[in-house]
Each structure stands twice: as C-alpha cells, then as structure tokens.
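Q: Pasting a structure below so you can have a look.
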Amino acid sequence: MKLPKLSTIMERLTPRQLLIACGVVALLIFLLIYFTLTRLTAEKPQPQQPAPVAKQVQQIRDVKVVSAKTSIPERTLIKEEMLTLTTMPSNKVPNGALMSTADLVGRPTKVAIGAGEVITTQKVFASILDMGLSGRIPPECRAITVGISDVTGVAGFAQPGDYVDVMLVSSQVENNKVVSEMILQNVLLLAINKKVEDANNAQAQQSNPKDKKANANNPGPIGEPKMATMALVPEDALKLAAKAQLGQIYLVLRPYRPSSGYNEDNYYSVTKASGKMPVTPPPAGTIPPGADIDTSPTANVQIIRGTTTTVGR
C-alpha cells in the first residue's frame, strides 16, 4: 500500500484544518523543549553531612577564662587572691582572654578592672618594667634627681641601670680647706637626662648648607645642666638633698663586678697652699660690716668744686 505524499495531504486540508495542525505541532515542540530544560536544570538533593554539625558543636564548647574576683584599681600589681576562673561559651570569649591565673600574677594593670570582668592582655602590662620609670624603682626606694655636668657625670659614660657612688666636693672657707666626701655608695642609676643632637637632625644639617648656616647663627641651648635620677631609700634621699646644697655632686661609676661592696675611706680634705682664703674687699662707698659710721674711712665724702676740694660726712 502506497502512502500519500505530505504535499497531497496538505492540499486536501482546508485552511482551518491546516491552522489547527500547525498549532498542535507548535504545542508538541513547546512541551518537548520545556520538559527537556526542566530535567537539565533540576537540582539534585544534597545528602546531609554530619561533619559540619559536629564541628559547630565543637566551636561553642565551654571554656574557662580568668576574671577579676574583686575590683582591681589601675596600675596595681595583680595577686592570686584577686583572680578567679569563669566558665563561658567559647564563641563569647573576648580576644586576648587569658586561661591561667599564673599568667597574670605579678603583672600590673593598665586600666581599672571591675569585679567579674574577663581579664585580657589589653588590660595589663606584660611586665612591671613597661610601666615606665616608676616600674623600675625598687619597692623600698624613691627616685630623686640631682644636677650634674659632663665632668661630674662621668662624661656621659654612666648609663641607666649602672651603679654609682655619690661624692660631694665642698669648700670650708673658715678652715681654708676643700673637702671631698663619699656620701652614698652602690646607688642604682635610673635615668640620665642629657640633651644631645639627634643623629637624623645632624645628617639633615650636613646635607643642607642653608640649615647649617642658620643653626650656626642660632646654636640653640648649649651647656644646659644635665640631670641624674637615682633610686634611694627615703633616708638617703633626704641626706642627698641636704648635702647637694653644700657643694658639687659627683657621680663615681662602679665596675660591673667590684672587688668590695663599700669603701670605708670616704672622707678627704686638702688645705690650700695660699694660707688664708682671699677675702673680696667691699665695694667703694660702703661701710664694712661691724664698723661705725663715724670711724669708717668709707663714710667720708669728697666734694670737688672747680679747683677747691672739701671732705665731709
């Protein structure tokens, strides 16, 4: 049986039947494309993995951190009885929180810490030396400063952390003597306040002749007094403050490992060869102390009028 050709079938169809046939074919093509795309874009269900859940449970476990048992003021050395351990979720632990009380005992606080507050590294100093000069003073001592010079300060070779002896040189006018006395020994030197030219500024001046010329015209502070700060017990601080009013203070630098701790021979005096100490005469026109105005030769007044001279009182 021979099938009719497609062109023959199309010729037999009326326009209405031909339109319906085109609509059916278009609908079939649309459905075919729709189901094909739906199958390609369909997401496959992901199987639940228990590992992330276990990891999440592990991240929020409870941990112990160090907190303040009582209020701790600022710049206070932390003691064992000031601390306690607090349990809290790990996801709420602040950054820098410490887990052991041993890491905090003996460290000073930067800020005041309230009772129950978690202690972090941002609230405490790493060491007592980080507190500045006050952290370097021994507990039983106080810091006191005296004026020195390049000569009396061992030419700048004495540095903070060295140990020095303190010597006083004074003049006894009535005995015509100069006396040197070792008033303190084995003293900790805390700081040397010595103004020197900064290395960067020196290089800048050498590279710029104009700046160098300007600094030559205005050299700035030269020969200003230096200062030495020492750690002394209060009794020795009082002694040094009083002795410093009598003469010049000298620093005597001690060796790293001295052969003896203290020197017993701590006083020396020398008599000047000129005999009596020179006495400066009083200025002209003044009456010496203790002299009567009637008998004092400086009480006379000489009056000159032309060629005539008279003396009166």
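Q: Which of the residue pairs Lys123/Lys226; Lys79/Lys243; Lys64/Lys123; Lys79/Lys226; Lys110/Lys239; Lys243/Lys272 have a Cα-Cα distance greater than 29 Å in the structure shown?
A: Lys123/Lys226; Lys79/Lys243; Lys79/Lys226; Lys110/Lys239
Q: Quick one: net charge of Thr109's neighbours, Cβ under 10 Å, K/R +1, D/E -1? Can you show the working numbers first?
A: Values: positive: Arg75, Arg107, Lys110, Lys123; negative: Glu74.
Here the count lands on +3.
Q: Oh, and also: Can you compute 3J(HN,Hα) from phi for each residue in region 229-236, using the Karplus curve 6.51 cos²θ - 1.76 cosθ + 1.60 with θ = phi - 60°, rounded to whole Hz and x for Gly and Pro?
A: Ordered by residue, 3J(HN,Hα) equals 10, 10, 9, 9, 5, x, 5, 5 Hz.
Q: Once the piece of chain linking Gln159 and Thr101 is laid out straight, how much longer is it, given 0.36 nm per residue of separation minus the C-alpha distance between them? Numbers along the way, then the final one.
A: Values: separation 58, 0.36 × 58 = 20.88 nm, distance 3.61 nm.
Length gained, Gln159 through Thr101: 17.3 nm.
Q: Please sort by residue number the trypsin sites (Lys or Arg not before Pro) in region 80-140 whose DSSP state is loop and whose Cβ has at most 15 other Cβ atoms within 10 Å. Spell out each step's value before the answer.
A: On the way: sites: Lys92, Lys110, Lys123, Arg136; in loops: Lys110.
Those satisfying the criteria are Lys110.
Values quoted throughout were computed directly from the atomic coordinates according to the rules given, and no laboratory measurement underlies them. Keep in mind that what you see is a predicted model, and the values were worked out from it rather than measured. Positions of Cβ are backbone-derived with ideal geometry, glycine not excepted, and every protein chain shown enters the neighbour counts.
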